[in-house]
Structures are given as structure tokens and as C-alpha cells.
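This report refers to the structure that appears directly beneath it.
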Ligand code: ATP
């Protein structure tokens, strides 16, 4: 008899300004370790914790380019198309409404999980998704004190890459080859992103 297990779907939220190989490795490692069927990348709309980011359309398109070669990776516009600031609770509610049959696994880096207790509606977050915190260079990964049924930690290959560093490198005229996918390097150049205003 065919298996009837619920689809297992990863949710990789981020500003992705730009998306880089740290994001892609995190998604790939969690997909393997948690036997996921798909990972949905969800670029934020108007980030509530960050200012001065690139337009949502630029970040969405870079995410599409970066994930295009992996059949398990898809990109959702739920946060880009929703007006106003992005809250993780809204992302998960919308994705659960679209895929009510699925078990959702929200993927975050060690830095982002540290803020989890500050999120609104934390109990509903845990009801909607299982949380997976991945290791990230420069950040201590600890889920102590969080409910172990709802939050897991996963050690992944250390890539000391951040979007902030990628932006700064481009603005200084330094290369970002091999930090971000080739198509994203070309997109950044074509659209003159992150160029110094000086
Ligand atoms: P910025 O430098 O602009 O703050 P960022 O590099 O942290 O950006 P985000 O888009 O904010 O990228 O991150 C999305 C998610 O990916 C977050 O949960 C973050 O912790 C995680 N993440 C980002 N970079 C890495 C990395 N190198 N290794 C593991 N996780 C990462």
C-alpha cells in the first residue's frame, strides 16, 4: 500500500538581500536531515527589523534565480504580496492555509532562533510548524529552554557568509563570486544593486 504520510515542507524565510550559499546550504541540509519533500523560500515583504533593503521584487527574483536548479526548492510570494511588515506568524498561517495537509518545518539560523521568544503569538507558531535552528559561524546555537518537541538544532557546514558582507563587498568593488550563485552575481551587476552612492 502506498505511504500516506503528510508532505513534509521546509519554510526558509529571509530578507535574501542578496540570497547566498549560506541560505542554500542551510535549506539543503535541513531537507536531508528531516526527510523533507520540498523547501519553500519566502522572501520578506517590507522587513520590520531592517531598513534600506532592496525592493521586494529584486529580492524575490534573485531567490528564484538561486533556487531554480534544485527541483526540491520553490519560492513563495506570500510575504512579498502581503502589504505591510512581515511577521513569521503571518507567513506560516498563509502557507498552512495553502497546504493544510502538510507538516511545516521553519528553518532559521542560530542568530534568528535567539529571537524566537520575542515573536508575537509564540504558542501559535509552535502549533503551526516545527522549528529547526541551524548552526551559523559567529553565533552560539542553543535552543535550551525552548520546547524540544517544537524546536530542533542542526549542525551544518560552516559558511561565514552574510548578506550584509555581500552588499558591502559589492559596494567596495570586491567580488561576490562563489559567495552567491553565479546568476545572482550577474543579476546584481545588471541591476546595479549595492553600488556605493558616493
Ligand atoms: P543580513 O546580513 O542582511 O542580516 P543574512 O545573511 O542574515 O542577512 P537573512 O536573509 O536575514 O540573511 O537570513 C535568512 C535566514 O538564513 C536566517 O534565519 C539566518 O539566520 C539564516 N542564515 C543566513 N546566513 C546563514 C549562514 N551563513 N549559515 C546559516 N544560516 C544562515
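Our estimate of slack between residue 127 and residue 5, defined as 0.36 nm per intervening residue step minus the Cα-Cα distance, is 42.1 nm.
Multiplying the residue separation of residue 101 and residue 114 by 0.36 nm and removing their Cα-Cα distance gives an extension gain of 1.8 nm. Extension gain, residue 77-residue 55: 0.36 nm per intervening residue step, less the Cα-Cα distance, totals 6.6 nm. Sorting the segments 156-164, 177-185, 20-28 by their mean number of nearby beta carbons within 10 angstrom, highest to lowest, gives 20-28, 177-185, 156-164. Taking only C-alpha pairs under 8 Å that are 6+ residues apart, what is the relative contact order of region 8-159 in percent? Reported relative contact order: 24 percent. Each of residue 171 and residue 186 was given a label point 7 Å from its Cα along the Cα-to-Cβ line. The distance between the two points is 2.7 nm.
Each of 103, 79 was scored by other Cβ atoms within 10 Å of its Cβ. Arranged with the fewest first, they read 103, 79.
Using the Cβ-Cβ distance between residue 155 and residue 35 with R0 = 25 Å, the FRET efficiency computed as 1/(1 + (r/R0)^6) comes to roughly 0.90. Each helix, a run of at least 4 DSSP H residues, gives -39500 (n - 2.57); summed and divided by the residues of the chain, these come to -10000 deg cm²/dmol at 222 nm. The Cα center of region 54-113 and the Cα center of region 150-173 differ in position by 18 Å.
Out of every Cα-Cα pair that the chain contains, those further apart than 26 angstrom amount to 31 percent. Over the chain, what is the percentage of antiparallel beta bridges among all DSSP beta bridges, to the nearest 5? Bridges in the chain are about 5 percent antiparallel.
Taking the average, over residues, of other Cβ atoms within 10 Å as the packing measure, peptides 53-61, 167-175 rank 53-61, 167-175 from highest down.
Note the angle between two axes, namely the Cα long axis of helix 56-67 and the longest principal axis of the Cα atoms of the chain, as a number of degrees from 0 to 90, rounded to the nearest 10. In the chain, helix 56-67 runs at an angle near 70 degrees to the longest axis.
Here, each number is a calculation from the coordinates, and none is a lab measurement. These numbers were taken from a predicted model, which means no experiment stands behind them. FYI the Cβ positions are ideal-geometry reconstructions off the backbone, even for glycines, and counts take in every protein chain you see.
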